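Novice: Got a structure here, written out as structure tokens. Questions coming.
The values are calculated or read from the model by the stated rules, or taken from the named source; none is laboratory data. Computed from a predicted model, the values in this text were never measured in an experiment. With ideal geometry, Cβ positions are generated from the backbone for all residues, glycine too; neighbour counts draw on all protein chains shown. Side chains are part of the model used for accessible areas, which takes the heavy atoms of the whole protein and leaves out ligands, DNA and RNA. Shrake-Rupley method; radii C 1.70, N 1.55, O 1.52, S 1.80 Å.
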Amino acid sequence: MAMISGKLAQLGWFNGFSFKTTFTGKSLVPVLKSKTTIIINNPLFLVPRTKVLHQCCRAMSKTNGTFSASQHVVVKEVIDLTDKEKQIFDRLLEVLRHFNLETKLRVAGGWVRDKLLGKECYDIDIALDNLLGREFCEKVNEYLTSTGEETQGIGVIQSNPDQSKHLETARMRLFGVWIDFVNLRSEDYAENSRIPTMQFGSAEQDAYRRDLTINSLFYNINTASVEDFTGRGLNDLKSGKIVTPLPPKETFLDDPLRVLRAIRFSARFEFEMAEELKVAAADNDVKSAIADKISRERIGHEIDLMVSGNQPAKAMACISELGLLWVVFTPPKNCEPLISEQHDRVCVGYMDAAWRHMHEVGCTFSDDQRRLYLYASLFIPLRKTVYIDNKKKTVPVVNYIFRNSLKLKASDAEDVMRLHCAVEKFLSLIPFVLCNEDLQNGEINWEPEVINVPLSLKLRILLGLLLREIKDFWRAALMLSTLLHNRDSSGEVTEGELDKGRQVFREVEQEILKLGLEKVWEVKPLINGKEIIKILELEKGGPVVSEWQRKLLQWQLAYPSGTVEECVDWLTRETQSKRART
């Protein structure tokens, strides 16, 4: 494999798109035997830099890498426990033995799935067959008391059937890990009621009430074995299928959030959603249930997991294809301009382009920068769309979506709107960077008053002001602006346009680095507000001081090597000149 890696490096290949497939047949690499199967299990696909091969590989990635072989996922036969997991499970079994409990302890859902896929998972949910989670946690604390150990706090999340939260969940910390405990469930629906009566159920009943077959698997702690009560979980995991244990519409109406979970897992693992599942997800009854039956906080959390995941553009495309985009990102009714059906495709198109742009440029963002960059790309077509709120104020629709439709942090809305604002400012400056032309007074409407300096220094002032405003997000804002540079609002971003956008990004980035502005927001003012009041012989601060602070910042950006004395001298001359004019 070292020889293969070396050859790929010589050819100039680089990591690009998430890709998973099975190659079977004649070898593509001479050092391998003629009949070889290579399984690339969810890494980044190797994409060549040459344009023709690059486009071919992108086309293959868009078809989920379907060659002559069928999709195959490597699934482990047994679950290997970490030392910490073994310590936790042994402690739980000690509690059973101490109280002579006949309770069966099973780890449910995602932990089982991920461990079988060879991935680490720290989200352990324990299902109990004859006790409530709170009752078992109390038993754990009784045991800890008997052994002289410190008891643990128990957190209880109450059930809320109106929001499709049917089970009470108890949480406690064991060996530094948070564990959720919940009872297995069986549900009986009274006539003309959508809210079930909860009862203890068997593991099989509970498995069929789960969202997806790949999440319906259990790990029996008592017997140290995997249990597949639907008879489909392991096979669907191996074949890469997203299927519900019961008919999909029934499953989705039980908890409509499962639609979004199905989309998230399909994108995350690049699994194929069953056709009947797609039909049910797009059903009008299910759409209404998503809008009315689950809390916006739960929707926002699920969307945030998608955007932070490994295939955010694919997840949003799926939401769009199922006609759910504006069900999830519900805008206010009185938008101006109106949000049309075309916005659906355009929004998703920009996020897909931004995702490719980010990978192909090779920018390294923090997790939060990447997440907000992707949200900003999705809502670029709505950046100028507003609505009138209850206080008769004009508010950006993006603000409404974050705060009301997703119930995400107010700071998320503010950061995305700041990115959109910075995008517009970058768009006004990019032509001057590319053409190397001097800025004339009044050519930039967002900073109409620039101090009197040589024209060659004005671009540095404006770029500096912009970077001080957006700080560490400047590369994200610049990258988004290059998607819009010299483009209409169609939302279709071609490979050729992305190539041009990458070139523009690199040219502007290099100019910013050449000017020494990459950390300009860390530069301290040479003269503070109190000193300005003293120099100007003012009684107190106010708008006049703020105005001079802005001008002094511009002077400092124009003359980065300037001293305090030179700055004071300039301020004195400027104030004298202003007094003379008035």
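Novice: Check every one of the helices (runs of 4 or more DSSP H) wholly within segment 163-266 and list those with 3 or more residues that are modelled with pLDDT of 90 or more and surrounded by 21 or more Cβ atoms within 10 Å (Cβ to Cβ). Steps first, please.
Specialist: On the way: elements: 203-208, 233-239, 248-254.
Output list reads 233-239, 248-254.
Novice: Could you say whether any residue in segment 462-474 is over 25 Å from Asn441 (Cβ atoms) and surrounded by 21 or more Cβ atoms within 10 Å (Cβ to Cβ)? Step through it out loud before you land on a result.
Specialist: Pass one, segment 462-474, residues over 25 Å from Asn441 (Cβ atoms): 471-473.
Next, from what is left, pick out any that are surrounded by 21 or more Cβ atoms within 10 Å (Cβ to Cβ): 473.
Within segment 462-474 (the criterion being over 25 Å from Asn441 (Cβ atoms) and surrounded by 21 or more Cβ atoms within 10 Å (Cβ to Cβ)), the answer is yes, since at least one residue qualifies.
Novice: Now a separate question. For segment 302-357, what are the residues that are open to solvent by 50 Å² or more (accessible area, probe 1.4 Å), of a type in the set (A, V, I, L, M, F, W, C) and in a helix (DSSP H, G or I)?
Specialist: Leu305, Trp326
Novice: Let me ask something else about it. Which of the residues that make up segment 503-518 are open to solvent by 30 Å² or more (accessible area, probe 1.4 Å) and under 13 Å from Leu557 (Cβ atoms)?
Specialist: Within segment 503-518, Leu515, Gly516 qualify.
Novice: May I ask you to list the residues in segment 372-411 that are touching a residue at least 60 places away in the same chain (Cβ under 8 Å) and of a type in the set (Gly, Ala, Ser)? Full working, then the answer.
Specialist: Within segment 372-411, the subset touching a residue at least 60 places away in the same chain (Cβ under 8 Å) is 372-378, 380-381, 397, 400-401, 404-408.
Residues satisfying the conditions are Ala376, Ser377, Ser405.
Novice: May I pose another question? Kindly indicate whether Lys278 is crowded, with 17+ Cβ neighbours inside 10 Å, more than 14 Å from the chain's Cα centre (by Cα) and modelled with pLDDT of 95 or more.
Specialist: Working: crowded, with 17+ Cβ neighbours inside 10 Å: yes; more than 14 Å from the chain's Cα centre (by Cα): yes; modelled with pLDDT of 95 or more: yes.
Taking the combined requirement at face value, the residue satisfies it.
Novice: Just to verify a result, which residue in segment 550-568, among those that are open to solvent by 80 Å² or more (accessible area, probe 1.4 Å) and in a helix (DSSP H, G or I), is farthest from Leu457 (Cα to Cα)?
Specialist: Filtering segment 550-568 for residues that are open to solvent by 80 Å² or more (accessible area, probe 1.4 Å) and in a helix (DSSP H, G or I), the one farthest from Leu457 (Cα to Cα) comes out as Glu565.
Novice: All but one of (1) at pLDDT 90 or above; (2) in a helix (DSSP H, G or I) hold for Ser577, so report the exception by its number.
Specialist: Only one criterion in (1) at pLDDT 90 or above; (2) in a helix (DSSP H, G or I) is unmet by Ser577, namely (1).
Novice: Going through segment 377-400 one residue at a time, which ones are open to solvent by 20 Å² or more (accessible area, probe 1.4 Å) and in a loop (DSSP other than H, G, I, E, B)?
Specialist: Once the filter is applied, which keeps residues that are open to solvent by 20 Å² or more (accessible area, probe 1.4 Å) and in a loop (DSSP other than H, G, I, E, B), segment 377-400 yields Arg383, Lys384, Asp389, Asn390, Lys391, Lys392, Lys393.
Novice: Restricting attention to segment 361-381, does a residue exist that is charged (D, E, K, R) and either more than 27 Å from Gln503 (Cα to Cα) or more than 17 Å from the chain's Cα centre (by Cα) (or both)? Working first, answer last.
Specialist: So in segment 361-381, the residues charged (D, E, K, R) come out as 367-368, 370-371.
If we keep only those that are either more than 27 Å from Gln503 (Cα to Cα) or more than 17 Å from the chain's Cα centre (by Cα) (or both) as well, we get none.
The answer is no, given that none of the residues of segment 361-381 is charged (D, E, K, R) and either more than 27 Å from Gln503 (Cα to Cα) or more than 17 Å from the chain's Cα centre (by Cα) (or both).
Novice: Now for a separate question. So which residues in segment 70-107 are in contact with a Ser or Thr (Cβ under 8 Å, 6 or more places away or on another chain), buried (at least 17 other Cβ atoms within 10 Å of the Cβ) and within 23 Å of Glu135 (Cβ to Cβ), if there are any at all?
Specialist: Once the filter is applied, which keeps residues that are in contact with a Ser or Thr (Cβ under 8 Å, 6 or more places away or on another chain), buried (at least 17 other Cβ atoms within 10 Å of the Cβ) and within 23 Å of Glu135 (Cβ to Cβ), segment 70-107 yields only Leu96.
Novice: Would segment 480-488 turn up any residue that is within 23 Å of Tyr400 (Cβ to Cβ) and of a type in the set (A, V, I, L, M, F, W, C)? Write out each step before concluding.
Specialist: Here is the first cut: in segment 480-488, the ones within 23 Å of Tyr400 (Cβ to Cβ) are 480, 484.
Filter once more, keeping what is of a type in the set (A, V, I, L, M, F, W, C): 480, 484.
The answer is yes, given that some residue of segment 480-488 is within 23 Å of Tyr400 (Cβ to Cβ) and of a type in the set (A, V, I, L, M, F, W, C).
Novice: Within segment 126-143, can you find the residues that are surrounded by fewer than 18 Cβ atoms within 10 Å (Cβ to Cβ) and under 16 Å from Ser216 (Cα atoms)?
Specialist: Asp129
Novice: Within segment 111-120, how many residues are free of Cβ contacts under 8 Å to residues at least 60 places away in the same chain and open to solvent by less than 20 Å² (accessible area, probe 1.4 Å)?
Specialist: 1
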